[in-house]
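Please read the structure below before turning to the comments.
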Amino acid sequence: MQKDIFDRIISFLLGASWAIALLGALVVFKTFIFLGPIFSIFLTILYIFFILLLILALDAFSVNRERLEESKKQTKLLEQIYSK
């Protein structure tokens, strides 16, 4: 099955988002470690939470796209049944 450009872009963005999440968490932790380890861990958890929400939004785009495609197929089949 060939993926269209939208699916390829979403897949790329999901992969890039996971990389940004991992590297960004490390950067946030190392950047704020001078303020104390507890505060640094707190900010890192906040960062990870925000990034996971963005990843969830990208995944929702993908799921809604699949749902739309399936609805189009079902509509086409129902129209064929109705025309008979």
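Every number here is computed from the coordinates shown, using simple stated rules; none is lab data. Just so we're clear, the structure is a prediction, and the values are computed from it rather than from any experiment. Positions of Cβ are generated from backbone atoms using ideal geometry, with glycine treated the same way; all protein chains shown enter the neighbour counts.
Full extension of the chain segment joining F39 with N64 gains 5.2 nm, where the gain is 0.36 nm per residue of separation less the Cα-Cα distance. Applying 1/(1 + (r/R0)^6) with R0 = 35 Å to the Cβ-Cβ distance of F49 and L78 gives a FRET efficiency near 0.25. At a Cα cut-off below 18 Å, give the lysines reachable from K76, other chains included and same-chain residues fewer than 8 away excluded. In chain and number order, the partners are K84.
Cα-based values for the chain, radius of gyration first and Dmax second, are 20.5, 73 Å.
Considering only the other residues whose Cβ falls under 14 Å of the Cβ of E79, what net charge follows from Lys and Arg at +1 and Asp and Glu at -1? Summing Lys and Arg as +1 and Asp and Glu as -1 gives +4.
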